[in-house]
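Here's the structure we're looking at; comments come further down.
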Amino acid sequence: MSVSELSAATQNYLKVIWGLQEWSDAAVAASDIAAKLGLRLSSVSDAIRRLGEQGLVEHAPYGSIQLTPAGRHHALAMVRRHRLIETFLVQVLRYRWDEVHDEAEHLEHAVSDLMVDRIDAFLGRPERDPHGDPIPRADGSVRRLSAIPLSSAPSGAAAVVEQISDTDPGLLQFLADQGIGIGTRLDIGPGAPFSEAIEIRPSGGAAVSLGRAASDAVRVALVERS
């Protein structure tokens, strides 16, 4: 079965479940999905029950939710669609990286598997999207980057930006205005006392203070100081 044969709601649920597990080994609960989708817990619980009946998730009452092999296959197909569409919009249609998430959310439900494969080939089979996220391959494999949240990087360290969450366009635009993007080298310093903020200085740029929400949304790889 192609992921195109699933309803848009089912596609969204599978993609969100996989996304919640992409960078964390923590169990996924219905409340996590409800918070991510902005839905009532009762609505999510009903949807999870239906996904279980379709063989797409495993879920014990009041327990964690896990994708079955079939569910994971379809979830990765949706993630692949989303990230390839974002890449196409930026590289070909010259969208800014803060503009593409919502567009991709709509378009990913309308494209066919053939179109996704053609986009992939046209772009030269890119490995990562404009926000640094790995793009799943057609066979369902996906590379996991060894990056950590900027918020957990030690003060005094040097790092390179590997990924930035695409869910907050305002943050993306702010970082772009500061000259911070994928591949930017940062020097990390302490923020104001008791603030949970950190100070980062991009190569050749001015120091920028980031609060916890922003630093959680940026993932980096630590590098040697030059």
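The values are calculated or read from the model by the stated rules, or taken from the named source; none is laboratory data. Bear in mind the structure is a predicted one, so any value in this text is a computation, not a measurement. With ideal geometry, Cβ positions are generated from the backbone for all residues, glycine too; neighbour counts draw on all protein chains shown.
Out of the stretch 156-174, which residues are in a strand (DSSP E or B) and of a type in the set (Gly, Ala, Ser)? Reasoning before the result, please.
Restricting attention to the stretch 156-174, the residues satisfying the condition of being in a strand (DSSP E or B) are 158-164.
Matches in the stretch 156-174: Ala158, Ala159.
Looking only at the stretch 23-41, filter to residues that are in contact with a strand residue (DSSP E or B) (Cβ under 9 Å, 6 or more places away or on another chain) and not in a loop (DSSP other than H, G, I, E, B); which one of those is farthest from Asp216 (Cα to Cα)? Talk me through it step by step, then tell me what you get.
Just the residues of the stretch 23-41 that are in contact with a strand residue (DSSP E or B) (Cβ under 9 Å, 6 or more places away or on another chain), to begin with: 23, 27-30, 32-33.
Still in the list and also not in a loop (DSSP other than H, G, I, E, B): 28, 30, 32-33.
Numbers: Val28: 19, Ala30: 22, Asp32: 17, Ile33: 19 Å.
This residue is Ala30.
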Restricting the stretch 189-207 to residues that are within 23 Å of the chain's Cα centre (by Cα) and outside any loop (DSSP other than H, G, I, E, B), which is surrounded by the fewest Cβ atoms within 10 Å (Cβ to Cβ)? Pro202
Please give the number of the condition Leu172 fails out of (1) in contact with a helix residue (DSSP H, G or I) (Cβ under 8 Å, 6 or more places away or on another chain); (2) not assigned by TED's automatic domain parsing to the domain that holds Leu14. (1)
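Can you name the residue in the stretch 42-95 that is assigned to a loop (DSSP other than H, G, I, E, B) and small (Gly, Ala, Ser) and is also surrounded by the most Cβ atoms within 10 Å (Cβ to Cβ) among such residues? Reasoning before the result, please.
Going through the stretch 42-95, the residues assigned to a loop (DSSP other than H, G, I, E, B) turn out to be 54-56, 60-64, 68, 92-95.
Still in the running and small (Gly, Ala, Ser): 55, 60, 63-64.
On the way: Gly55: 11, Ala60: 9, Gly63: 11, Ser64: 14.
Per the stated criteria, the residue is Ser64.
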Tell me which residues, restricted to the stretch 210-222, are outside any helix (DSSP H, G or I) and either touching a helix residue (DSSP H, G or I) at 6+ places or on another chain (Cβ under 8 Å) or more than 11 Å from Glu162 (Cβ to Cβ) (or both). Leu210, Gly211, Ala217, Val218, Arg219, Val220
Index of the failed condition, Gln163 passing every other in (1) in contact (Cβ under 8 Å) with a residue 40 or more places away in the chain; (2) surrounded by fewer than 15 Cβ atoms within 10 Å (Cβ to Cβ): (2)
Could you count how many residues in the stretch 135-155 are out of contact with any Ser or Thr (no Cβ under 8 Å at 6 or more places or on another chain), buried (at least 18 other Cβ atoms within 10 Å of the Cβ) and either of a type outside the set (A, V, I, L, M) or not in a loop (DSSP other than H, G, I, E, B) (or both)? 1
Filter the stretch 60-70 for residues that are without any contact (Cβ under 8 Å) to a residue 12 or more places away in the chain and not small (Gly, Ala, Ser); the one that is nearest to Asn12 (Cα to Cα) is Pro69
